[in-house]
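Enquirer: Let me give you the structure first, and then I'll get to my questions.
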Amino acid sequence: MARAINAEVKEGRGSPHGGVFLDVSTRMPAEVIKRRLPSMYHQFKELADVDITAEAMEVGPTCHYVMGGIAVESDTAAARGVPGLYAAGEVAGGMHGSNRLGGNSLSDLLVFGRRAGWHAAEYAAGLAGARPVVDDSLIDSAAAEALRPFSAEAEIEEPAGGPPENPYTLHQELQQTMNDLVGIIRRETEMKQALEKLAELRVRARRAGVEGHRQFNPGWHLALDLRNMLLVSECVARAALERTESRGGHTREDHPSMDRKWRPVNLLCALTDPTGGLAATDPVRGQITLTRETTEPVRADLLALFDKEELVKYLAEEELYE
Ligand SMILES: Cc1cc2nc3c(=O)[nH]c(=O)nc-3n(C[C@H](O)[C@H](O)[C@H](O)COP(=O)(O)OP(=O)(O)OC[C@H]3O[C@@H](n4cnc5c(N)ncnc54)[C@H](O)[C@@H]3O)c2cc1C
């Protein structure tokens, strides 16, 4: 349905706000709508003054889940390469394969949240007083970097210098770019365009400036978040461009079928420092590199559970089939 809506909007047949109209009022009597869709009826009435028992509602697809994240060991939820960091839930990658099916993130949180907590506690206890020491100079440079938006005007080191940028404007442009060019249906030309725009936004984000002080300052928080948002967006765009097939939630118009050779391949992004000087973790100057990793085949006993006919029958009976 999301793909169909996307196609209509891109063909210029969208609704005024870039979605489509969904009309249940001509399909069901008013009392059935109120009984079967009580919260939808209530929300549209209260928030948009739209009576869905009498008129159409404007709808559109939105981001539902990020099918990627920190690479972790599945048994311990330990992040690879960063001792002491544990990740579970939507921030962790590799759990749901190419798509997250309805309801599965709840069980993900229960199982892997427990594992992450358990192993993080075990790791901390195992240090037995010998905690890793933090280098003060790293703290100082992180603090200076965090406070930079307050002195954006004085930022002169970038060759592409200019006036301070409003973080909200940058955020909006980033959202629009990712929505339009790396969205539901992906095309090579559009993703390349997106990567150019992301590079430009990254330069401009160095000049993200804020006013006021450190106490509750959402503009500053956004300026800090922007660095990570830009990195994640670039990872998504690079990986989507690299993966020349369609699978799960990733649809390439120029490669519409699944390709067996991609099946066991995961794409890993890392922040590296091309100059060799800076720490490879600098989110502003570091470069993203993409590598392919071959996944282990699914164990035979697990694969046996996937008798397709049985599975579809079971899911349909449980009303879980999407
Ligand atoms: C519209 C929609 C519908 C969905 N429906 C379903 C469904 O029906 N069933 C299902 O199983 N899943 C569903 N999901 C997915 C599911 O809700 C999420 O995957 C899940 O809630 C993720 O949980 P989490 O704890 O990993 O992350 P989150 O719930 O995102 O929690 C992360 C927390 O970290 C906090 N945080 C962020 N940055 C910082 C920071 N710097 N310092 C301190 N705290 C910070 C955030 O405020 C947040 O509270 C849906 C998602 C969406 C968007």
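Enquirer: Under a Cβ-only charge scheme (Lys and Arg +1, Asp and Glu -1), can you give me the dipole magnitude of the range 153-295 about the Cα centre, in debye to the nearest 20? Before the final figure, lay out each step's value.
Expert: Numbers: 19 positive and 22 negative charges, 126 e Å.
Roughly 600 debye, rounded to the nearest 20.
Enquirer: 5 Å is the cut-off here: which amide hydrogens, built 1.01 Å from N in the peptide plane, fall below it relative to I288, excluding neighbours closer than 5 in sequence?
Expert: Placed amide hydrogens put T272 under 5 Å from I288.
Enquirer: Okay, moving on. With every atom except the alpha carbons ignored, what do you get for Rg and Dmax of the range 2-59, in angstroms?
Expert: Calculated on Cα positions, Rg and Dmax stand at 12.5, 36 Å.
Enquirer: Could you give me D for the range 102-146, from Stokes-Einstein at 20 °C and 1.002 mPa s, where the hydrodynamic radius is the Kirkwood radius over C-alpha pairs? Units µm² s⁻¹, please.
Expert: Details: Rh = 13.6 Å.
Estimated via Stokes-Einstein, D reaches 157 µm²/s.
Enquirer: What FRET efficiency comes out for Q215 versus A128 if R0 is 30 angstrom and r is the Cβ-Cβ distance? Round to the nearest 0.05. Please list the in-between numbers first.
Expert: Working: r = 39 Å, r/R0 = 1.29.
Calculated value: 0.20.
Enquirer: Kindly give the semi-axes, whole Å and largest first, of the ellipsoid equivalent to the range 101-217, taking each as the square root of 5 times a Cα gyration tensor eigenvalue. Display every interim value, and only then the final one.
Expert: Working: eigenvalues 238, 161, 39 Å².
Three semi-axes, in Å: 35, 28, 14.
Enquirer: Taking the range 153-295 as the region of interest, what is the percent of Cα-Cα pairs per 10 angstrom bin, listed from the shortest bin to the one with the maximum distance?
Expert: Histogramming the range 153-295 at 10 Å steps yields 11, 34, 33, 16, 5, 0 percent.
Enquirer: Long-range amide H contacts for I70: which residues qualify at under 5 Å (H placed 1.01 Å from N, peptide plane, sequence gap of 5 or more or a different chain)?
Expert: Amide H neighbours of I70: A92, G93.
Enquirer: A follow-up question, please. Helix-only mean residue ellipticity at 222 nm, the chain, DSSP H runs n ≥ 4 weighted -39,500 (n - 2.57), per residue, nearest 500. What is it?
Expert: Numbers: 10 runs with 134 residues, N = 322.
Theoretical 222 nm ellipticity from helices: -13500 deg cm²/dmol.
Enquirer: Something else now. In vacuum, with every alpha carbon of the range 171-222 counted as one equal point scatterer, what does the Debye formula give for log10 I(q)/I(0) at q = 0.19, 0.23, 0.24, 0.31 Å⁻¹? Two decimals, please.
Expert: -0.69, -0.84, -0.88, -1.15
Enquirer: May I ask for log10 I(q)/I(0) of the chain at q = 0.09 Å⁻¹, from a Debye sum over the Cα atoms as equal point scatterers with solvent left out?
Expert: Once normalised to I(0) and log-transformed, intensities are -0.66.
Enquirer: Taking the alpha-carbon distance from K261 and a cut-off under 27 Å, which lysines remain once sequence neighbours fewer than 8 residues away in the same chain are dropped?
Expert: The reachable lysines, counting only those whose Cα sits under 27 Å from K261, are K192, K308.
Enquirer: Please get the size of the charge dipole for the chain, origin at its Cα centre, with Cβ charges of +1 on Lys and Arg and -1 on Asp and Glu, quoted in debye to the nearest 20. Don't jump to the answer; show the numbers that get you there.
Expert: Working: 36 positive and 49 negative charges, 85 e Å.
My answer is approximately 400 debye.
Enquirer: Rank T26, T294, T189 by mean-square fluctuation in a GNM of the chain with C-alpha springs under 10 angstrom and give only the top-ranked residue.
Expert: So, out of T26, T294, T189, the one fluctuating most is T26.
Enquirer: Of A205, G248, P16, whose Cα points farthest to the positive end of the dipole of the chain (charges on the beta-carbon: +1 Lys, Arg; -1 Asp, Glu; origin at the Cα centre)?
Expert: Looking along the dipole axis, the top candidate is G248.
Enquirer: Short version: ³J(HN,Hα) in whole Hz for each residue of the range 254-265, in order, from phi by Karplus 6.51 cos²θ - 1.76 cosθ + 1.60 (θ = phi - 60°), x for Gly and Pro, what are they?
Expert: 7, 9, x, 9, 6, 10, 4, 5, 7, 3, x, 9
Only the coordinates and a few stated rules stand behind these numbers; no lab work does. Note that this is a predicted model, so its numbers are computed, not measured. Neighbour counts are summed over all protein chains in view; Cβ atoms, including those assigned to glycine, are modelled from backbone coordinates with ideal geometry.
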